[in-house]
Structure formats: C-alpha cells, structure tokens
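A.B. asks: Here's a structure for you.
The values are calculated or read from the model by the stated rules, or taken from the named source; none is laboratory data. Predicted, not measured: the structure shown is a model, and the values here were computed from it. Neighbour counts are summed over all protein chains in view; Cβ atoms, including those assigned to glycine, are modelled from backbone coordinates with ideal geometry. Ligands, DNA and RNA are excluded from the accessible area calculation, which covers all protein heavy atoms including side chains. Shrake-Rupley method; radii C 1.70, N 1.55, O 1.52, S 1.80 Å.
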Amino acid sequence: DGTAGDSFGVSVSFEDKYALVGSYNDDDKGTDAGSAYVFTRSGTTWTQQAKLLASDGTTEDYFGFSVSISGATALIGAPLAGNNGVGSTYVFTRTGGTDLPSLFLQLKERLFERFPNLFPNLRKIFMN
C-alpha cells in the first residue's frame, strides 16, 4: 500500500525469520503519522504479516522512525508523538502469529527537565 514519499525502509531490524521495517512518512493516520511493517521469511520468500500503526497516531508523529525486533517483541519509535511532541515508544508483542499492541510507553517531557544532561542532543533535535 506504499506510496512515493512514505520513507519505507528508513529503519529496518531483522531477527531470525522476521523483519520489521519503518515507514515514518506513511499517511494512514494523518500526514507523516507513520507506520511499520512486519515481514516473515519462509525459505527465500518474504511475506508481509502485518502493518502496525500507533493506536493514538496523528499527523507528524513519525511512527516508524526507529524500529527494533527481538524475539516476540517489537519496539517502534515515534520521535514527535505525545504531548508537546516529546516522543513515544510503542511496544508490540507477537501472539499466535498475530502482532498486536500490548503496551504503550509515553516519554514525558519532565524526563528532559529532570535529567537535562542525559539526552542533550535528543532534546535539541526533537524539542525544537
């Protein structure tokens, strides 16, 4: 379902027979809301298993900007999601061959206030 400008493949993670591919400019939930795709490999053939969207996704969240897969868990970053665009990480788990959201972690702006020197470059990039 991809279109030009979706940035499909901007982030990729592989493990065993699974691939997780970010597409942070996908527009399903608004302009540049983003998505991520789960693929499975059988032999030499890769097949799309799921398209993941943020349950609360909206314009310019950039969901899929960063992705990682390990075992039955996938992490997907949305650097401008949440209140004041502070960013969010979404955790998905694989159960019974289907990928479903299991937990949503919101990165709070107060993290930057409480630990200003911990993420100085991230604050510059994502808070400006």
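A.B. asks: Looking at (1) under 10 Å from the mean Cα position of the chain (by Cα); (2) over 18 Å from Thr93 (Cβ atoms); (3) not in a strand (DSSP E or B), which is the one condition that is false for Ser11?
C.D. replies: All conditions pass for Ser11, except number (3).
A.B. asks: What are the residues in region 5-52 that are within 18 Å of Gly87 (Cα to Cα) and in contact with an Asp or Glu (Cβ under 6 Å, 6 or more places away or on another chain), if any?
C.D. replies: Ser23, Asn25, Asp26, Asp32, Ala33, Gly34, Ser35
A.B. asks: Separate question: Output the number of residues of region 52-70 satisfying the condition of being more than 11 Å from the chain's Cα centre (by Cα), in contact (Cβ under 8 Å) with a residue 40 or more places away in the chain and surrounded by 15 or more Cβ atoms within 10 Å (Cβ to Cβ).
C.D. replies: 1
A.B. asks: Which one of Asp32, Asp26 is open to solvent by 20 Å² or more (accessible area, probe 1.4 Å), within 17 Å of Asp1 (Cβ to Cβ), at pLDDT 90 or above and not in a strand (DSSP E or B)?
C.D. replies: Asp32
A.B. asks: From the set of residues in region 35-44 that are of a type in the set (S, T, N, Q) and either modelled with pLDDT of 95 or more or in contact with a strand residue (DSSP E or B) (Cβ under 7 Å, 6 or more places away or on another chain) (or both), which is farthest from Leu75 (Cα to Cα)?
C.D. replies: Residue satisfying both the conditions and the ranking: Thr40.
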